[in-house]
Amino acid sequence: MSSTTNPAHPHPAHASPLDPYAVRGDFPIFFQRVNGKPLVYLDNAATTQKPRSVIDGIAHYYESDNANVHRGVHQLSQRATYEYESARQRVCGFLHADSPSEIVFVRGATEGINLVAQTYGRAHVREGDEILITAMEHHSNIVPWQMLCAEKGARLRVAPINDNGELLLEEFARLLSPKTKIVAAAHVSNALGTVNPLPRIVELAHGQNAMVVVDGAQGVPHLAVDVQALDCDFYVFSGHKIYGPTGIGVLYGKTALLEAMPPYQGGGDMISSVTFEKTTYNKIPHKFEAGTPDIAGVIGLGAAITYIMQLGLDNIAHHEHDLLAYATRAFAALPGVHLIGTAKQKAGVLSFVMDGIHPHDIGTILDQEGVAIRTGHHCAQPVMERFGVPATARASFGLYNTREEIDLLVQATQKVREVFA
C-alpha cells in the first residue's frame, strides 16, 4: 500500500488497527474536490471506490496480456488464463469454499440470484411449493423469485421484521414447512444495515430440506464469510461492493448442486462438444460461463480481494464498526432526525429521515458540501413501506472513511436544517 495520505485529512485523530489516512492514499479518486470541498464519499453500499492496485491490474491486462482465456495456445492467452483462474482461486479462499470449481463468475449478485432461480429453481419448484424470503430484501432477491413463482404456480412468502429492522425468527420458523423449497435471505440489509442471523436461518431451512440462497452483496464488504461453516447452498456477491470493478460478481454453489443444475445460457466455453444432434456440456464452473467472460473484471476482482485480505478483514470490520457507532451517537443527538434501522447487529449503514424534508433535498444539499450519500428507496421499496417512509437518506461506510468525515456529514446535515428553517 502507498504511504501517501490525502492532504485534506493529514493526521489520524485516534488509534486504529486500520489507518484510514494511510489507506486513502491508495485511492486516486480522493485527490479531488467536489463543489470546492474535499470529497467525503459515504455511498459505499451503492459502490465502493477502487484502489490503485485494482486499476493497475486491469490496465496491465489490457496493455500486456489482452487475449481470450481457455482457448489459446499462444503466450498472451496462456497468461490471461493464468490470471483469470488465479482470481478464481483467490475468491475460493476468500469465501472458504471447498473447491475453485464452486466459484462461478457472473455479472453481479443480481445475475447470480437469477441464475439460481432459473436453473435450480425451475428444476425443483412445482405448483403449490413455497419460496420464503425476508421483508428486508433488495429487489434483486424479490423479483426473480416472484417470476419463478408466477411461472410455476408457487407461493412467495415473506418473513416479517420488527421496528428495529430485525428478522422475527419465530415468525420465520413458523412460515417454514415441507412446502418450502428455497429460502433466500440477505446477509446484510442494504437499506437498514441489519446483519441477519444466517447460521440459524440455514439451520431452520435445512430442517425442512429447503435450499438456502444468501444475497451477500452487502455481507462481504463488512464481514468475513466462510460458506462451509455457514453451510449455505448458494452465496452471491458483486465485485464493485468490495473495491473491485463493476460488471463482475460471484455465485458460490455446493458442488453437487451445481453439477446437477442445467446450464443458464448456451454458447462458447460452456460446452465440451457440439454437433447438430447433441451438445455435451463442460464441467463446472465453466458450464455456467457461456461466451467470452469479463476477463479484466475478474482480474480486477482478484486484485481487490488481495488488497482487502492484506489489510485484514477483522481490521476492516473493527474500523467500520467504530465509524458506525460514532455516527449513530452523533445522529441520535440531532433534533428532528430519525434513524431507520436500529438492529443490535448492524454493518456500516446509517439510514435516516428528517422531519419535513425529503431525502432527495437532503442529498442535494449534502452534495453542495462535498458529501456523497444515497437517497431514495435503495431498491428496497417494501422496506420503505414497512417503515412508512417514501425514501431515506443513507450514509454507508468503507475502509477509507474517517471520524472526521462523519463530523463533516453531521455539519452538512445541520446545514440542511438551517436551509429549511
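Derivation of every value follows stated rules applied to the coordinates shown; laboratory data play no part. Note that this is a predicted model, so its numbers are computed, not measured. Here Cβ is always computed from backbone atoms with ideal geometry, including for glycine, and neighbour counts include all displayed protein chains.
If you put +1 on each Lys and Arg Cβ and -1 on each Asp and Glu Cβ, how big is the dipole of segment 55-309 around its Cα centre, in Debye rounded to 20?
Numbers: 19 positive and 27 negative charges, 97 e Å.
Dipole about the Cα centre, nearest 20: 460 debye.
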Spin-label pair Glu259/Ile29, simplified geometry with 7 Å Cα→Cβ offset, distance in nm: 4.1
Which distance in nm do the two modelled labels at Asp163 and Asp231 give, with both placed 7 Å along the Cα-to-Cβ direction? 3.6
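If R0 is 30 Å, what FRET efficiency do you get for Asp269 and His206 from their C-beta distance, rounded to 0.05? Before the final figure, lay out the partial values.
Numbers: r = 33 Å, r/R0 = 1.11.
The value I calculate is 0.35.
Run the numbers on segment 55-309 and let me know its relative contact order in percent, using alpha-carbon pairs under 8 Å that are six or more apart. Provide the component values of the computation, followed by the final result.
Numbers: 482 pairs, mean separation 61.4, N = 255.
With pairs under 8 Å counted, the relative contact order is 24 percent.
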Here, His318 and Glu63, labelled 7 Å along Cα→Cβ, have an inter-label distance in nm of 3.6
Which of Gly153, Gly93, Leu192 sits closest to the plus end of the dipole of segment 55-309, meaning its Cα is farthest towards the positive end, when Lys and Arg get +1 and Asp and Glu get -1 on the C-beta? Gly153
Under-5 Å amide H pairs with Gly249, H placed in peptide plane, nonlocal only: Val106, Arg107, Gly108, Gly239
Among Pro245, Ala380, Thr392, the residue whose Cα sits farthest towards the positive end of the charge dipole of the chain, when +1 is placed on the Cβ of each Lys and Arg and -1 on the Cβ of each Asp and Glu, is Ala380
If we restrict to alpha carbons, what Rg and Dmax does segment 280-322 come to, in Å? 16.2, 53
Let me know the longest stretch in the chain that avoids all trypsin sites (Lys or Arg not before Pro) found in a DSSP loop with at most 14 other C-beta atoms within 10 Å. 127-277
Could you tell me how far the Cα centroid of segment 70-103 sits from the Cα centroid of segment 177-215, in Å? 29
Multiply the residue gap between Arg329 and Leu76 by 0.36 nm, knock off their C-alpha separation, and tell me the result in nm, one decimal place. 85.7 nm
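With runs of 4+ DSSP H residues as the only contributors, calculate the mean residue ellipticity of the chain at 222 nm using -39,500 (n - 2.57) per run, divided by the residue total and rounded to the nearest 500. Display every interim value, and only then the final one.
Working: 14 runs with 150 residues, N = 421.
Roughly -10500 deg cm²/dmol at 222 nm, from the helical runs in the chain.
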Given the Cα-Cα distance of His124 and Ser99 and 0.36 nm per residue of separation, how much length would full extension add, in nm? 6.5 nm
Given (1) 22.5; (2) 25.3; (3) 23.4 as possible values of Kirkwood radius over Cα pairs in Å, the one from the coordinates is (1)
